[in-house]
Amino acid sequence: MKKIIGIICMALALTIGVISVREITTEYKYNINAKSRVEDTEYAEANIKRATELVDLFESNGNVLVSPISLNCVLGMVANSSDENVKKEVSDYLGINVDEYNEYVNALIKSAKAKGVLNIANSVWYDNEYKLNGSFSKNAKKYYDAKVYKEPMNSSTVKKINRWAYKHTHRLIKQVVDSPPEYVAIFNATAFDGKWTKKFKKSDTETEDFTLADGSIKQVSMLNSEESIYYENRYAQGFEKTYGKKREYSFIAILPKEEGEFKLADLDISSFMASRREVDDLSIKLPKFEYEWKSDDLRVNSKTLDNVLDELNLSSVKTCKMLENCPAEEMGTFFQKTKITLDESGTRAVAVTCFKKVSAVLDDYEKTVYLDRPFAYMIKDNISGEILFIGKYVNPEE
C-alpha cells in the first residue's frame, strides 16, 4: 500500500486584485462587524503581526519573500477537511472562523476575475483509487473555485501539475513538484502583475552603492523618483508607491533607522503603518531587483515552514484528512517558493505554497528615503487590507 501524500500548492503572485467595500460586505455577504477588513483596526493590526512574524520566524540571513495571503489560502482549504482540531487551529490563527474565511476568499477570487489584475486559481489532483473527503471537495469547489483532476499519480501527472502552476503564475514558476504525489495534491496559484501608478523614468535610473549589513558595498541599478506618502516611527522610515490608476495596491518600503541586520518585530510595524501621511517633498531611491526564495533552503533560512507553523500553533494542519477511503493519514510537510521582479514599470510577484503528506511624531522638512542598505517591504491590497507579500531585501546578488 502506498503512503499517503497530499500536496497543497499555492502560487501567489505579483500584485492583488480589487475588492470594493461593497463587494466584501454586501455582494458576497461577507461581514466583520458591518465593516470591511481594511476598516477593522483590530483585524488590520493582527494581519500585520501575522505577516511580520512569518518573515522573522525563518531567521534568514539573506533575501526573504513570504506570501501571507498564499499561506492563509492554503490553511483555509486545509481547514475544510474533516478534522475539527485543524479547523480550530486555523480559525484561531486567522482570527475568524473558517466558514467566514471561505466566504471572504470566494469574494477575493470573484473580484480578481472581474478586475483582471489578480489571478487566483486552485486545483485538486487525486489518485483514481481514492475518494476525496466530501466536505473538503465540496468547499474547495464552492469557495475556492478549485478544478478537480482525477489522475494516475505518475510522471505524466507531475508534468501536468507543473504546467498548471506555470500557466497560473504568469510563467514565472516553472516547477512546483519533481515527483508524483501518491494520493492527493492540492494547489492554489495567485499571480499579481502591478504597474506603477507613476512609472519610474528610465533616464533617472543610475548605478549606485548598496551597503550590506556587514558594511560591504555592492553596485545596484537604483530607481529615483519623487513621491508623496511618507511613513515614520521611532524605528523606521519609509514610503508608499501605488499601483494602477485607482491606486488599489501599494508597495510600502520600510527602512530601519539603525544600519545592519534587523527584525521586523523590532520596527513596530503597526505604529509605522499608522504614521502614514502626505508630504510635499519626498525623494526616494529604490533598487531594481529580482530574486527567488524557498522556505526549505537551509543555506539561507534557519527554519523550515514546518518549524514556523509549529511555532504559530498550527501543527495540527499537517494531519488534515482529505481522503475518505485510505489508510490513516500521517504527518505532512509544508513548503513555499516565491519570486519577485521590480523595475521601472512595476512589480511582478508569485508564490507557491505546497503541502504534502508523508509517513509518520514627525517634522515637515523635506524627506528622503534612500533604500541603499537592507530594508523590508510589503505589497498591500488597499481595499481588503490584506498583506499579499512581505519581504526583506539585504543582498543584491541573490
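The values are calculated or read from the model by the stated rules, or taken from the named source; none is laboratory data. Worth saying up front: this structure is predicted, and the values here are computed from it rather than measured. Backbone-built Cβ (ideal geometry, glycine too); neighbour counts: all protein chains shown.
Figures for the structure shown
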read-out	value
Residues located in region 325-341, provided they are at pLDDT 75 or above and either in a loop (DSSP other than H, G, I, E, B) or crowded, with 24+ Cβ neighbours inside 10 Å (or both)	F334, Q336, K337, T338, I340
Only listed residue being assigned to a strand (DSSP E or B), farther than 22 Å from G346 by Cα and among the acidic types (D, E), chosen from D296, D310, D280	D280
Unmet criterion (only one of (1) in the same structural domain as S111 (by TED's automatic domain parsing); (2) at pLDDT 95 or above; (3) crowded, with 17+ Cβ neighbours inside 10 Å) for M378	(1)
Criterion: among the aromatic types (F, W, Y), in the same structural domain as A107 (by TED's automatic domain parsing) and farther than 19 Å from A112 by Cα - qualifying residue of F136, F187	F136
Residues that are modelled with pLDDT of 90 or more, assigned to a loop (DSSP other than H, G, I, E, B) and in contact with a strand residue (DSSP E or B) (Cβ under 8 Å, 6 or more places away or on another chain), drawn from region 28-61	F58, S60
Set A265, A213, A236: member being touching a Phe, Trp or Tyr at 6+ places or on another chain (Cβ under 9 Å), surrounded by fewer than 18 Cβ atoms within 10 Å (Cβ to Cβ) and within 24 Å of V55 (Cβ to Cβ)	A213
Among (1) modelled with pLDDT of 95 or more; (2) of a type in the set (A, V, I, L, M, F, W, C); (3) farther than 24 Å from D343 by Cα, the one test that A274 misses	(1)
Within region 167-202, considering residues that are β-branched (V, I, T) and surrounded by fewer than 23 Cβ atoms within 10 Å (Cβ to Cβ), the one nearest to the chain's Cα centre (by Cα)	V177
